[in-house]
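Encoded as C-alpha cells, the structure appears first; notes follow it.
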Amino acid sequence: MAVLRVALDLPLHRLFDYVAVAASTADIGLRVRVPFGRSEKIGVIVDVVETSDWPLEQLKAAGEILRDLAPLPADFLRLCEFASAYYQAAFGEVVLQALPVGLKRTVSPVRRAARAVRRAEVIAPPDLTTAQAVAVEAVDPAGGFSAHLLHGVTGSGKTEVYLRLVERTLAAGKQVLLLVPEINLTPQLEGRVRARFPDEGIVSLHSELAEAARERNWRAAFAGEASIVLGTRLAIFTPMPNLGLIVIDEEHDSSFKQQDGMRYSARDVGVFRARQLGIPILLGSATPSLESWANAQSGRYGLINLRERANPLATLPAVHMLDTRRMVLKEGVSDPLIAAIKLRLERGEQSLIFLNRRGYAPVLACMACGWVSRCTRCAANMVLHLADRRLRCHHCGLEHRVPKACPTCGNQDILPFGRGTQRLEGWIQEQFPEARVLRVDRDSVKSRKQWEVMLDRIHGGEADILVGTQMLAKGHDFPKLTLVGVLGADSALFAADWRAPERLFAQLMQVAGRAGRAELKGEVLIQTQYPDHPLYGALVAHDYPGFAVSLLKEREQAGFPPYAFQAMLRAEAPDMADSIAFLKTAAILPVVPEHENVMIYDPVPMKLSRLANLERGQLLAESHSRPALQAFLPRWREAIERIKAPSKLRWHIEVDPLEF
Ligand code: ADP
Ligand code: ZN
Ligand code: ZN
C-alpha cells in the first residue's frame, strides 16, 4: 500500500492523497487517473509516501498510473513550485496548465504519427559585425547561470546574435528555448531559424496551434527530440531534458505577462529557470523594460549594447515632430504628412501610418440629446465598426447593429466621434485613389494564416500605404518602407497610468524602427501638440538610455517599481459595494499588522470599473523589500480564503501587476 500525493487542476493550494496498491517513488512525475467527486480527473503524482494526514481508510483508491509519457522531471516540478509560491497560484493549476490538453483528458484520442519536418532553404550566416561578435562572446553557454540584457537598436541584428548562441548551444548537445511575445512573430523567426538549422528538430508552441500539433510539439521538446523550441509565454514551462539556453526576444513586451488565470511573467519565470538549471538567459530588446534596465545598471544582469544597425548601409531613421498646434488637420492628418506620403508614392516606396486604435470611430453620439454608444455591460464606449456596420465593445465583446437613429430621442443624425484605423484607411484612400492602401489591425488580421498572407502581400510590394495598429510595430523588416507617420500619440503622454510613458516610448521606438531598415533612408513624422516633451526629445535622439535614466529617477522619487514591490488584490461582483467591502475586510485582516514592512492602500474601483456586468475593485499591497512581500502574501492569501464573501464574488491576487 502506498499513498500518492497528487496535483490536480483546481484552484486549491493543496495536494490530494489517494491510495495505490503498487507504486514507488519512481512514479513521481507520472500522470494518474483519479476519482474526483462523481467523475474522474487526470493528476500528476508529486510524491509517493506511506502515510497521510487523513485516515487511510477514508482515502479513495487511485486509478491507472499512465506510463505513455516519461515522468515529468524534478526540475520541472520545482519550477512549478517556484511559480506557485511566487505568484500565489495553486500548485496543481501551475503543473497542469503546462501540459497539452490531450495529456489531461481522461479519454485519450487516437494519436497520429509525427509529421515530416518541412525543409527550408538554407541561408549562409552573415559575417558578424564587431558589436555582434562582442555580444556573442559575452555569453558563455557552458559557464553556468548568467543573465544578460541585450540592448540593441532596431535592426541592429539581435536575431543574428541569438542564432550564433543557439548554434553554440546545439554544438554542446543542448536544447534551446526561444520565446517571442506574439504568435504573429513566430512564422518569421521560425523561417529564419529553420533556414539556419535545417537538420535540427525545431518546434513551435503557442496558443493558436491545433491541439494535436501542440501535443506533438510538446512531446518532441519533452523527449529531447526537438532541439529548438520557439514559443510564446506558456512555453516557458515546457519540460526539456537538456535545456542549455533561454532567449527572450522583445523582453519588454507585456504579452509575456499573463493577465488572467494564472498571472505570471514568462520573463521572470525564465530567469528563475535559468538560475535553477545553471544556464544562460538572454533578454533582448531595443527598449528594455525599466525593471530589466535597472537590473542591468545594478549589475544583476550583464549588459550588452548594439548601438548601430547591422546593415552598414542602413541608418536609424530621422525622427521629426509635426507641431499640430499650428496646422489645420484634415481627418486628423496634417499637410506635411500628406506631402511626405505623396513623395513616397512618387518614389515607389512604402509608407506606414500608425494609429493605435482600431475600428472606424471610438464612439457614436447624438448631438441632439447627448446619447453616446455606451456598452451596457462595461464602463466603456462601444466602438463603431463601419466595415460591417456593427457597434462593438472591445472589452467584453458585446456587439450589435449600428442603430439607424438615436435610441433615446430618435434623431437620425448620429455621428461618429474621433477616428480609428478604418476611418483613416478610407480617408487616405480618398486622398490617394491610385494608391494601394492596406489596413493591418486585429479586425483585418484575425489568424496567423491571415497574418502570413498579409506579410507576403506587404513584402511582395502589393501595398503602397499601410494603415495599422501596434500589430505592425514589432519585429518586421519591410525593405521598401521609408516613412512612418504617427497619429494620436499624445493621448498617452499624460495618462493616469504611470507606466504609460514607458509603454508609449517603446511603442514609438518600435514603430519608428520599421523605417529605413535597408539601404533606403527612413523618416518618422510624429504629429503632436507637445513637440518639446522630453519623451519625444529622447525619440528624436534615439536615446533610450537617457530616457530610461530619467524615468527611473522619477520612479525612485515616487517610490514606484522597480523601487517597490507590489501585489494587487482584485475583487469583482455584481455590486461594487460588495467588491469594496470584501477588499476592506482583506485590508484589515489580523495578519496585516504583523507584517509592518508591507503597506496596504485603500480599496479603489479599477480604471475599467465595470467589465461584462461585474463591478471591479482593487487593493494594492506594497513593500520596499521583495522577501517581506513574499513572506506576507501566502499568509494574507490564506486569511483571505477564509473571508465569507457573497457567492457571486470572485477575487485573485496578481504579483508584479502591470495594469491598474
Ligand atoms: P533586430 O532584431 O535587432 O531588429 P535583425 O536581426 O532583424 O535586427 O537584423 C536586421 C537586419 O540586418 C536584417 O535584415 C538582417 O538580415 C541584417 N543583418 C543582421 N546581422 C547582419 C550582419 N552581421 N551583416 C549584415 N547584415 C546583417
Ligand atoms: Zn438623441
Ligand atoms: Zn463591454
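Bear in mind these aren't lab numbers, they're just calculated from the coordinates by the rules spelled out. Predicted model only: the values in this text are computed from it and were never measured. Every residue, glycine as well, gets a Cβ built from its backbone with ideal geometry; the counts of neighbours run over all protein chains shown.
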Item to check | Cβ charges +1 (Lys, Arg) and -1 (Asp, Glu), total dipole of the range 130-306, debye | outcome: 280 debye
Checklist entry - Which value, in debye to the nearest 20, describes the size of the charge dipole of the range 136-212 about its Cα centre when Lys and Arg Cβ atoms bear +1, Asp and Glu Cβ atoms bear -1, and nothing else is charged? => result 200 debye
Next on the checklist: Which of the three applies to the range 560-660, rounded, prolate or oblate, going by the alpha-carbon gyration tensor with a ≥ b ≥ c and a/c under 1.5 meaning rounded?
Outcome noted: oblate
Checklist outcome for this item: Quick calc, the chain, dipole around Cα centre from Cβ unit charges on Lys, Arg (+) and Asp, Glu (-), nearest 20 debye, gives 1380 debye
Next on the checklist: Distance between the C-alpha centers of the range 192-229 and the range 359-434? Whole Å please.
Outcome noted: 43 Å
Checklist entry - Please state the Cα pair-distance histogram of the range 231-374 with 5 angstrom bins from zero: what percent is in each bin? => result 2, 6, 11, 12, 11, 11, 11, 11, 10, 7, 4, 2, 1, 0
Checklist outcome for this item: Filtering chymotrypsin sites (Phe, Trp or Tyr not before Pro) in the range 552-599 by DSSP loop and by at most 14 other Cβ atoms within 10 Å leaves 563
Checklist outcome for this item: Counting sequence-distant residues (5 or more places) and residues on other chains, those with an amide H built under 5 Å from that of residue 615 are 573, 575
Checklist outcome for this item: Placing +1 on each Lys and Arg Cβ and -1 on each Asp and Glu Cβ in the range 565-655, then taking the dipole about the Cα centre, the residue among 649, 631, 595 whose Cα reaches farthest towards the positive end is 649
Checklist outcome for this item: Taking only the alpha carbons of the range 346-436, the radius of gyration and the largest Cα-Cα distance, Dmax, both in angstrom, are 15.3, 51
Checklist entry - How would you rank 421, 25, going from fewest to most other Cβ atoms within 10 Å of each one's own Cβ? => result 25, 421
Checklist entry - Loop-only check: which trypsin sites (Lys or Arg not before Pro) in the range 435-540 are DSSP coil with at most 10 other Cβ within 10 angstrom? => result 446
Next on the checklist: As I understand it, the value is the acute angle between the Cα axis of helix 448-459 and the longest principal axis of the Cα atoms of the chain; what does it come to in degrees, rounded to 10?
Outcome noted: 30 degrees
Checklist entry - Taking every DSSP beta bridge that has both residues in the chain, what percent is antiparallel when rounded to the nearest 5? => result 50 percent
Checklist entry - Relative to the first principal axis of the alpha-carbon coordinates of the chain, what is the inclination of helix 544-558, with its axis defined by its Cα atoms, in degrees from 0 to 90 and to the nearest 10? => result 60 degrees
Checklist entry - Given H placed 1.01 Å from N in the peptide plane, which residues other than close sequence neighbours of residue 625 have an amide H under 5 Å from its amide H? => result 565
Item to check | Cα lying deepest toward the dipole's positive end in the chain, options 176, 30, 141, charges on Cβ | outcome: 30
Item to check | Sites matching GluC sites (Glu not before Pro) across the range 582-660 that sit in DSSP coil, with at most 12 neighbouring C-beta atoms within 10 Å | outcome: 596
Item to check | Kirkwood Rh (inverse of mean 1/r, distinct Cα pairs), the chain, angstrom | outcome: 27.3 Å
Checklist entry - Against the longest principal axis of the chain, how steep is helix 576-587, in degrees 0 to 90 to the nearest 10, with axes from Cα atoms? => result 60 degrees
